[in-house]
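Read through the structure below, which is laid out as structure tokens, and then see the notes.
The values are calculated or read from the model by the stated rules, or taken from the named source; none is laboratory data. Predicted model, so just to flag it, every value in this text is computed and none were measured. A quick note on method: Cβ atoms are made from the backbone with ideal geometry, for glycine too, and the neighbour counts reach across all protein chains shown. What goes into the accessible areas is simple: the full protein's heavy atoms, side chains included, and nothing from ligands, DNA or RNA. Shrake-Rupley method; radii C 1.70, N 1.55, O 1.52, S 1.80 Å.
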Amino acid sequence: MKWYEREIKDVEEITRSHFSNGLTDEEASKRLKQFGYNKLDEGETVSAFFLFIAQFKDFMVIVLLVATLISGLLGEYIDAITIMLIILLNGILGFIQERKAEKSLAALKELSAPQMTVLRAGEWIKVPSSEVVVGDIVKFTSGDRVGADIRIIESKGLRIEESALTGESVPVQKTEAVLSGEDLSIGDQENMAFMGTMVTQGSGIGVIVATGMKTEMGKIAHLLQSAETMITPLQHKLEQLGKILIMVALFLTALVVLIGVYQGHDAYIMFLAGVSLAVAAIPEGLPAIVTVALALGVQRMIKRKAIVRKLPAVETLGCASVICSDKTGTLTQNKMTVTNLWSGGNTWEVSGTGYTPNGDFYTNGKKVSLHLEKSLQQLLTFGALCNNAKIISNDVKEGIFGKSKAEYSIDGDPTEGALIVSAAKAGISRQDLQSDYILVEEFPFESTRKMMSVIVERKKDGKRFVVTKGAPDVLLSRSSQILWEDRLQPLSPQRESAVISSIENLASQALRTIAIAFKEINRDANISSEASVENNLTFIGLQGMIDPPRPEVKASILECSEAGIKTIMITGDHIITAQAIAKQLNILPIHGKIMDGNTLAKMSVSDLEAVVDDIYVYARVSPEHKLKIVKALQAKGHIVAMTGDGVNDAPAIKAANIGVAMGITGTDVAKEASSLVLSDDNFATIKAAIKEGRNIYDNIRKFIRYMLASNVGEILVMLFAMMLGMPLPLVAIQILWINLVTDGLPAMALGLDQAESDVMRRNPRHPQESVFARGLAWKIVSRGFMIGVVTLIAFWLTLSQHPDDLMRAQSVAFATLVMAQLIHVFDCRSEHSVFHRNPFQNIYLVLAVLSSTALMLVVMYFPPLQPVFHTVGLNLREWLLVLGMASIPTIALAGFHIFKRS
């Protein structure tokens, strides 16, 4: 179908759409079931079965399976079946871990999926792009990603960048006009918007004509099906480390086998023990557990309103040294509130915060009667008339059984919302004004004019008024009269001076000032353009407003400061306003400097680099300046988090180490450039994400420490026994069971550990820091060495007392090694010592340790399993030996650490 050749009415008929009301929900659901979701095929995914089979493809597992098969053929059926079951359980555990990681990443992808604004049953609503259907009427504006193929039916200065399809980066001017021509290329179809392209300017409305694989993007989808696997730098490092550890483990295992055979042990038994030791000692599950830990951390971040789009950002968060934050909506509430009014030499204060239309008016601390204040009434009335915002009231229930209370929001511009609310506090409602006045003409706000005007007609007498609001200095220059002492009087130099003084006074309080002016006009007056009406105005007065800081932000900034993270405020507001908010939030220290956009524009990146560490606030800054700030900070070695919401913010967001987009106000362009999306647009959420990022990295270090120390202990106990000419302290099946019960659940539980109390009192870690930094390598080797030694001592002592009972000595070694590892896991929770944290704080770890202990006791005390695992039940004296020896690696080294610190 050549949609570009079709008349708009034909498109409506062919798609069975309704341009005025859109599709009904029922019709949309019907089409969704009929034609499917608006998604591109993602190529073949690995099925659950093949993912499970992949768990047994490891070389050492295959060797063990072959050895087990040989064992079965030689008549050792019980050993063979048990080893097979253990391998199966290990495979199931690995499968669950990988499946959980996959599902978490899929859920993450869904959360960051774009939405479209769709007309359904006469109302504009937001729906996920995947749920739109052919015939849906959609609207799009600057910053939106087009989610389907659309025939444009209305456009206003619409430009779309189509490089994803055409390779041409210059945005294309779009139109709704019918086009002619044989087989026009995508780039020439100027009345079409295609899936995957970006709106860079203007706005438009269109009807969806193709979805999913039937779109132009769908036709080339096979080029997109090489799904990018998200892998973090840490995962990459651990994969490289894993290869080195495999070689070391194989060398040491081979050494154990060779020495054992040389010492006279049975070659087959030594081979089976050696292969089992290799399977247990090689940390093949490390990358998978890291993925799970990252995925679990991402889920926790989502609960804290931070949606991670790119997994490597989780690691980078822990390195962040600077947060560059927008002021409006992130540091502040984005609820402009009028607090001060001025008209004709009089000033009033307004009580109440936010959008709640309740408040009182005071002058010199005394409440005023509004019906006596005519100039005040006129200031508020005309402020509400020259306005397109609406107050929306929603009933919100407090708790399950709580009463409902009204919660107010604004539909429209926040500044206009503040004017509507200030009028509502005086009992002047928009509904009443709409019944008293008819809107004749509107001249929207433009940044070049710095004002907005409406022409209204009063119903009761037919009089027409021009009502204008805008920048005070501009309106003052357009005014010839002023409302002074409730009378129209000439705007004399003295009165003009009084207005300027009031503007400066309000600005010094960090208030944004909006001026209101009006004039009466004849019904036959020329109103063809703004230039014809925005002159000879009567200046009514000023409304001073402020966007108050979010209450939780001040504490978050302090916490970031204690964590060695500098907070920089970036705003388009004036320096006075920026300075006032920065001081309220303790962003600006005594020595801190403020830089304005004009100064910044004249500087090169290298010039800015020389002073960037002293600047805490950037005022009157445009989005284009943000990229320069990011580059200067990065040149000084900082890891930068940069927030943004607009199209122009995207380059800075992408260049930052951690690009942060706003979930509520952010455009699709900004979100796609980001690695982190704040679903509540709140600075405190960035702080929470950094804290969670640090904790995730700490937890990864914890289970690396635990797993490798355990593996070192397992290898050394066997190696030392062979070197000393002792019998085998552990048989193959015991080694495999230890690997199963100690490596799985406790390691996973460490990934769920809470943050340490000082996690936000440390300086950011260097991005190049090794995972083994800060003494981790020493802790792994020293604890592993001690675990191996105490296990061997317990084995030797028991064997000395019962020289004819090797199985008892092996049972003691088995129990000592398991308990040493399970006690050691609590030591891994802290960077300091086991005594530094409450052992019962992580309930998942407590349950994991109890489960592992139970699994150990089952094979030692359940009679049918004793011959299978070559174990016997131990007496009280032997248990005291086991627990005493098992405690030494953790308690002794922790005590040494405390002694050294004192």
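Computed values, structure above
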{"quantity": "Among residues of region 492-518, those that are in contact (Cβ under 8 Å) with a residue 40 or more places away in the chain and closer than 12 Å to residue 475 by Cα, counted", "calculated": "7"}
{"quantity": "Yes/no for residue 306 being at pLDDT 85 or above, over 29 Å from residue 666 (Cβ atoms) and either in contact with an Asp or Glu (Cβ under 9 Å, 6 or more places away or on another chain) or surrounded by fewer than 18 Cβ atoms within 10 Å (Cβ to Cβ) (or both)", "calculated": "no"}
{"quantity": "Long-range neighbours under 7 Å by Cβ, at least six apart or interchain, first residue within 15 Å of residue 535 (Cβ to Cβ) and outside any loop (DSSP other than H, G, I, E, B) within region 470-488, second among the acidic types (Asp, Glu) and open to solvent by less than 90 Å² (accessible area, probe 1.4 Å)", "calculated": "476/496; 478/534"}
{"quantity": "Sole residue being in a loop (DSSP other than H, G, I, E, B), surrounded by fewer than 22 Cβ atoms within 10 Å (Cβ to Cβ), among the β-branched types (Val, Ile, Thr) and touching a residue at least 40 places away in the same chain (Cβ under 8 Å), chosen from 347, 356", "calculated": "356"}
{"quantity": "Residues of region 858-887 satisfying the condition of being part of a helix (DSSP H, G or I), closer than 16 Å to residue 813 by Cβ and aliphatic (A, V, I, L, M)", "calculated": "859, 860, 880, 881, 882, 883, 885, 886"}
{"quantity": "Residue match in region 512-529 (condition: open to solvent by less than 80 Å² (accessible area, probe 1.4 Å) and on the phi > 0 side of the Ramachandran plot)", "calculated": "no"}
{"quantity": "Residue satisfying all of: in region 359-393; assigned to a strand (DSSP E or B) and free of Cβ contacts under 8 Å to residues at least 12 places away in the same chain; surrounded by the fewest Cβ atoms within 10 Å (Cβ to Cβ) among these", "calculated": "366"}
{"quantity": "Matching option when the condition is touching a helix residue (DSSP H, G or I) at 6+ places or on another chain (Cβ under 9 Å), open to solvent by 60 Å² or more (accessible area, probe 1.4 Å), outside any strand (DSSP E or B) and among the β-branched types (Val, Ile, Thr), among 170, 134", "calculated": "170"}
{"quantity": "Members of region 737-790 found to be of a type in the set (Val, Ile, Thr) and either modelled with pLDDT under 90 or closer than 30 Å to residue 555 by Cβ (or both), listed by number", "calculated": "738, 741, 742, 759, 771"}
{"quantity": "Filter result (among the polar types (S, T, N, Q) and out of contact with any helix residue (DSSP H, G or I) (no Cβ under 6 Å at 6 or more places or on another chain)) within region 821-841", "calculated": "838, 841"}
{"quantity": "Flag for residue 550 being of a type outside the set (Phe, Trp, Tyr) and either touching a helix residue (DSSP H, G or I) at 6+ places or on another chain (Cβ under 6 Å) or surrounded by 20 or more Cβ atoms within 10 Å (Cβ to Cβ) (or both)", "calculated": "yes"}
{"quantity": "Every residue from region 513-527 that is out of contact with any Ser or Thr (no Cβ under 7 Å at 6 or more places or on another chain) and either closer than 9 Å to residue 464 by Cα or part of a loop (DSSP other than H, G, I, E, B) (or both)", "calculated": "520, 521, 522, 523, 524, 525, 527"}
{"quantity": "The lone exception for residue 261 - which of (1) modelled with pLDDT under 85; (2) open to solvent by less than 70 Å² (accessible area, probe 1.4 Å); (3) assigned to a helix (DSSP H, G or I) it fails", "calculated": "(1)"}
{"quantity": "Residue in region 789-796 that is in contact with a Phe, Trp or Tyr (Cβ under 9 Å, 6 or more places away or on another chain), open to solvent by 10 Å² or more (accessible area, probe 1.4 Å) and within 19 Å of residue 747 (Cβ to Cβ) present", "calculated": "no"}
{"quantity": "Some residue of region 701-715 being in contact with a Pro (Cβ under 8 Å, 6 or more places away or on another chain) and of a type in the set (S, T, N, Q)", "calculated": "yes"}
{"quantity": "Residue check, residue 329 part of a loop (DSSP other than H, G, I, E, B) and in contact (Cβ under 8 Å) with a residue 40 or more places away in the chain", "calculated": "no"}
{"quantity": "Test for residue 701: is it surrounded by fewer than 24 Cβ atoms within 10 Å (Cβ to Cβ) and either in contact (Cβ under 8 Å) with a residue 60 or more places away in the chain or closer than 30 Å to residue 316 by Cβ (or both)", "calculated": "yes"}
{"quantity": "Criterion violated by residue 770 - all others in (1) surrounded by 24 or more Cβ atoms within 10 Å (Cβ to Cβ); (2) part of a loop (DSSP other than H, G, I, E, B); (3) hydroxyl-bearing (Ser, Thr, Tyr) satisfied", "calculated": "(1)"}
{"quantity": "Residue list for region 642-674, restricted to those being more than 13 Å from the chain's Cα centre (by Cα) and of a type in the set (Val, Ile, Thr)", "calculated": "647, 653, 665, 667, 669"}
{"quantity": "Filter result for residue 503 (under 45 Å from the mean Cα position of the chain (by Cα), closer than 26 Å to residue 572 by Cβ and assigned to a helix (DSSP H, G or I))", "calculated": "yes"}
{"quantity": "Some residue of region 849-865 being open to solvent by less than 40 Å² (accessible area, probe 1.4 Å) and free of Cβ contacts under 8 Å to residues at least 60 places away in the same chain", "calculated": "yes"}
{"quantity": "Where residue 893 falls short, out of the listed (1) of a type in the set (A, V, I, L, M, F, W, C); (2) under 30 Å from residue 81 (Cβ atoms); (3) at pLDDT below 85", "calculated": "(2)"}
{"quantity": "Qualifying residue in region 432-453 (condition: open to solvent by 30 Å² or more (accessible area, probe 1.4 Å), in a strand (DSSP E or B) and among the basic types (Lys, Arg))", "calculated": "no"}
{"quantity": "Residue in region 470-484 that is under 28 Å from residue 501 (Cβ atoms), exposed (fewer than 15 other Cβ atoms within 10 Å of the Cβ) and of a type in the set (D, E, K, R) present", "calculated": "yes"}
{"quantity": "Tally of residues being part of a strand (DSSP E or B) and not hydrophobic (A, V, I, L, M, F, W, C) across region 173-209", "calculated": "7"}
{"quantity": "Condition check for residue 601: of a type in the set (A, V, I, L, M), out of contact with any Cys (no Cβ under 8 Å at 6 or more places or on another chain) and over 18 Å from residue 649 (Cβ atoms)", "calculated": "no"}
{"quantity": "Which numbered condition residue 725 misses (of (1) over 17 Å from residue 853 (Cβ atoms); (2) open to solvent by 10 Å² or more (accessible area, probe 1.4 Å); (3) within 42 Å of the chain's Cα centre (by Cα); (4) of a type outside the set (A, V, I, L, M))", "calculated": "(3)"}
{"quantity": "Whichever residue in region 148-167 is assigned to a strand (DSSP E or B) and small (Gly, Ala, Ser) and, among such residues, is least open to solvent (accessible area, probe 1.4 Å)", "calculated": "155"}
